[in-house]
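Okay, so here's the structure we're looking at.
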Amino acid sequence: MARRKDDSPADDLFVALVHAFEMLPWWSGPPAAVIAYSVFRWPVAWMIAPANEKSPAGAVWGALHNLMPTVAMAGGGIVLMIWIAVRIKLWTGGLLVDLQSGIESIRQLTWREFEELLCEAFRREGYAVEHTGTDGPDGGIDIRLQKGKSRVIVQCKHWKRQQVGVAIVREMFGLLHSEKADAVFIVTSGSFTDDAIGFASRNDIRLIDGPQVVQLIQAVQESNSKQKGSSSQPSQSSNVSTEQPIDHQAIEIPLCPTCGSEMTRRTATRGARSGKPFWGCLAYPKCRGIVNIRDT
């Protein structure tokens, strides 16, 4: 949910509550509502209690003080309703992931549903997710991710036919530095031009095209079914290429020995180990920590 220039403090508070409930445990709503009620009912009411109700100012403060029980009920109720709305949103996102059967079903989604689908997929991969998408299908940063110390910015392009060109990749490369992020993901339900792929590979930007989106969704579907006790066998479609998300159930991904961030699997292009895989820090180029993968 993006912030607009004319947002009021109340809008900012609403957005902050939504983002907080997206990242807090599912049971956090009722305790938060009780805390909101208690703050208005007692500390705030005590602070505005008038010393002399007979004066004009004291009469005004006295009226406000008498309203505090109602304000406290309203405040707790609003917090509880926001929590319920967020839980419904997350449940809907979970359904979006579980109902996908392939690239065709994904391409039937609206651009907003496509972003929600990716939010839930990344959430199941262990990221803290903030959906910052604008009010239209185009824009800069649509999703912000964080895992450990690593911060990732994501742009989503729900294009069924048009290819994502190099201009968009260059734009996100600029945002990588201005936002002081550690990595950039650009995700499309379509494909990328050769120029976009070349620029991304030279600047360590992760491109995820339609088939790779399918692999990502299938991987998190499988992971979720395993957590629920499913006895189904892993499907071949979850075996992702070395530059894409790895099946967390099958491979233990190390943490960077230099900064502690998550690592991603890459292939050396020069030197003595040219052509051989290794784990590279997700925060590259800020951190150049690596872990070599032993030959098998």
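The values are calculated or read from the model by the stated rules, or taken from the named source; none is laboratory data. The model shown is predicted, which means the values in this text are computed figures rather than measured ones. Neighbour counts are summed over all protein chains in view; Cβ atoms, including those assigned to glycine, are modelled from backbone coordinates with ideal geometry.
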_If I filter the range 179-208 down to residues being in a loop (DSSP other than H, G, I, E, B) and among the charged types (D, E, K, R), which single residue comes out as farthest from the chain's Cα centre (by Cα)?_
204
*Can you give me the number of residues within the range 87-108 that are modelled with pLDDT of 90 or more and closer than 17 Å to residue 131 by Cβ?*
0
*How about the range 169-184: which of its residues are under 12 Å from residue 154 (Cα atoms) and either among the hydroxyl-bearing types (Ser, Thr, Tyr) or in contact with a helix residue (DSSP H, G or I) (Cβ under 7 Å, 6 or more places away or on another chain) (or both)?*
169, 184
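I'm trying to understand the selection: among the residues of the range 154-184, which are aromatic (Phe, Trp, Tyr) and under 15 Å from residue 114 (Cα atoms)?
Within the range 154-184, just 159 meets the criteria.
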*Scan the range 157-190 for residues that are more than 21 Å from residue 121 (Cβ to Cβ) and among the aromatic types (Phe, Trp, Tyr) and report the count.*
1
*Tally of residues being within 13 Å of residue 142 (Cα to Cα) and out of contact with any Ser or Thr (no Cβ under 8 Å at 6 or more places or on another chain) across the range 97-121*: 7
_Pair list, Cβ under 7 Å, 6 or more apart: the range 151-165 residue in contact (Cβ under 8 Å) with a residue 60 or more places away in the chain, other residue part of a loop (DSSP other than H, G, I, E, B)_ = 152/181; 152/182
*Out of all the residues in the range 31-50, which are under 32 Å from the mean Cα position of the chain (by Cα) and over 16 Å from residue 74 (Cβ atoms)?*
31
*in a loop (DSSP other than H, G, I, E, B) and either modelled with pLDDT of 80 or more or surrounded by fewer than 14 Cβ atoms within 10 Å (Cβ to Cβ) (or both) - does that describe any residue in the range 25-47?*
yes
*Give just the number: which of (1) more than 30 Å from residue 127 (Cα to Cα); (2) without any contact (Cβ under 8 Å) to a residue 24 or more places away in the chain; (3) of a type in the set (A, V, I, L, M, F, W, C) does residue 44 not satisfy?*
(2)
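With respect to residue 71, determine if the residue is among the β-branched types (Val, Ile, Thr), in the same structural domain as residue 32 (by TED's automatic domain parsing) and in contact (Cβ under 8 Å) with a residue 60 or more places away in the chain. If you could, list the steps in order and put the result at the bottom.
Numbers: among the β-branched types (Val, Ile, Thr): yes; in the same structural domain as residue 32 (by TED's automatic domain parsing): yes; in contact (Cβ under 8 Å) with a residue 60 or more places away in the chain: no.
No: the conditions fail for residue 71.
Grab the strands (runs of 3 or more DSSP E) fully contained in the range 240-296, keeping just those with 3 or more residues being farther than 25 Å from residue 214 by Cβ and modelled with pLDDT of 70 or more.
Working: elements: 263-267, 277-281, 290-292.
Result: 290-292.
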